[in-house]
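A quick write-up on the structure given underneath.
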Amino acid sequence: MHKTVALGAAVLGALVAWRPIATIAQAGGLRAKATIKGEGVTGTATFREIDAHTKGMTDSSFSTGLKGVEITVDVTGLKPGAHGAHIHAVGKCDPPGFMTAGGHFDPGPASNTDPDMNHPFHMGDLPNLVADAKGHATMTVITTRVTLGPGPLSLFGADGTALVVHANPDQGVTGEAKSGLSGGPRLACGVIEKE
């Protein structure tokens with residue numbers, strides 16, 4: 001199953017509304033990749049910097065001046081149904097449980113990386129991956145919540161980042177710490193690395 005979702009711009013420290021955006025690929029833009037692994041689960045995630053446009057795919061008069069990141073995730077070995085998928089705050093994927101990946105990526109003075117609190121407003125929050133009857137899931141999303149270049153929202157800060165796939169669906173709501181609302185157990189993890 002393949003779905004494409006566009007995520008809107010976020011203002012650090014403010015309540016975020018996601019909105020559809022159209023994009024055009026930037027030739028020679030920054031790229032990154034994660035090889036996702038877990039018990040019986042494998043996949044990849046690719047990250048590509050793009051120009052974000054408010055309207056039109058090639059008309060530069062609608063350029064926002066913002067950069068977006070197109071994220072494509074392709075995973076096999078999942079149970080059919082929805083699975084939480086997030087960018088986590090630390091670039092480590094040590095089994096068991098991949099807890100070394102830390103909480104959800106959410107830099108800034110008012111950040112809260114607890115996966116279940118301040119959710120779904122973390123910079124690393126993504127839509128659910130939805131696996132088909134054969135356990136295959138793929139999605140492409142576009143976000144302006146993170147960057148591949150330098151800056152406070154960069155996926156390549158001092159601690160790095162990782163993409164984590166969870167056993168359960170992300171409910172998309174804020175809950176108590178360790179409530180599991182954001183997807184529960186971590187099934188698979190991949191460190192995000194520059195290409």
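No lab work stands behind these numbers, since they all come straight from the coordinates. Being a predicted model, the structure only gives us computed values, none of them experimental. Using ideal geometry, Cβ is built from the backbone for each residue, glycine included, and neighbour counts are taken over all protein chains shown.
Computed quantities for the displayed model
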{"item": "Simple label model, 7 Å out from Cα along Cβ direction - Lys134 to Lys194, nm", "result": "3.7"}
{"item": "Positive minus negative residues near Pro95 (Lys, Arg vs Asp, Glu; Cβ under 9 Å)", "result": "-1"}
